[in-house]
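Peer 1: I have a structure I would like to understand better, so I am pasting it below and will then ask my questions one at a time.
The values are calculated or read from the model by the stated rules, or taken from the named source; none is laboratory data. Because the structure is a prediction, the values reported are computed rather than measured. Note: ideal-geometry Cβ built from the backbone for every residue, glycine included; neighbour counts use all protein chains shown.
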Amino acid sequence: MGVFETGMSPESLDEPGEGRHEAVRARHERVLGLIREQGFMSIGTLAELFGVTPQTVRRDINILSRRGLLQRHHGGAGPILSTENMDYLDRRVLCLQEKRQIARLVAEHIPARSSLFINIGTTTEEVARALSRHERLRVITNNLNVAQIMRKNDSIEVIVSGGLVRHKDCGIVGEATIDFIRQFKVDYGIIGISSIDMDGTLLDFDYREVRAARAIMENSRKVFLVTDHTKFGRNAMVRLGGIEEVDALFTDQRPPEELVEILRRSGVALHVAE
């Protein structure tokens with residue numbers, strides 16, 4: 001773990017060996033970077049750029065498409081263009097080990113006897129699991145899954161917001177949720193996000209969820225943003241705010257350099273889980 005540290009992690013299942021695995025990982029990173037910068041890229045162009053066969057490029061695209069990182073098209077691939085998030089059950093297993101690594105790192109920065117908000121999201125649910133053995137926390141959440149995870153520790157006080165319960169992920173949203181959150185001022189606000197744009201804009205898919213997250217940010221002494229590397233440059237349409245508004249970003253891979261520079265300029269601590 002540390003500040004301003006390392007990497008990227010799309011995986012390959014078809015090219016064994018540690019050295020080759022690292023080469024595939026680097027190629028996947030480059031493919032994603034090119035598609036973010038230029039949009040649609042043809043299989044032929046990518047094969048020529050990397051000196052590999054079209055079949056290898058197709059395998060790369062299939063792997064990255066299954067992970068929700070790009071959109072397959074006839075003859076090539078382009079960025080994900082969607083106004084809807086992935087299904088909750090798919091999100092829960094996507095990058096699960098990375099989310100658990102992030103969660104353990106976050107837990108190291110939360111002292112006992114702290115008060116905190118934890119919002120909706122599969123990464124924040126892993127943070128709840130990592131915190132479930134802490135002593136004497138006071139947790140306010142609009143996520144019934146978080147409440148279920150943390151209620152098993154008798155020394156943790158769990159307070160659940162009112163509002164509309166979403167059937168798909170047990171998140172709680174709506175005006176009642178926002179009014180409830182605004183009654184508190186806590187030590188730490190732990191929030192997830194669906195996308196971090198390359199200019200540092202924080203984006204999500206559900207306007208009601210964003211409003212609740214906004215209330216959490218405004219009523220936390222410190223805001224910790226937790227997100228895996230697949231959210232860097234992803235497409236979403238509802239603006240939460242700017243990354244400069246958080247105190248620390250916890251992730252599993254070093255962000256693209258333009259984001260790293262924004263973090264540096266804004267004084268946002270970057271913690272990368274190894």
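Peer 1: Evaluate the following for ARG264: is it charged (D, E, K, R) and modelled with pLDDT under 95?
Peer 2: Spelling it out, it is not the case that ARG264 is charged (D, E, K, R) and modelled with pLDDT under 95.
Peer 1: Just checking: which of the helices (runs of 4 or more DSSP H) contained wholly in the stretch 20-96 hold 3 or more residues that are surrounded by 15 or more Cβ atoms within 10 Å (Cβ to Cβ) and at pLDDT below 85?
Peer 2: Numbers: elements: 43-50, 54-66, 88-93.
Qualifying helices (runs of 4 or more DSSP H): 88-93.
Peer 1: Does ARG136 satisfy being over 17 Å from VAL226 (Cα atoms) and either surrounded by 20 or more Cβ atoms within 10 Å (Cβ to Cβ) or modelled with pLDDT of 95 or more (or both)? Full working, then the answer.
Peer 2: Numbers: over 17 Å from VAL226 (Cα atoms): yes; either surrounded by 20 or more Cβ atoms within 10 Å (Cβ to Cβ) or modelled with pLDDT of 95 or more (or both): yes.
The answer is yes for ARG136.
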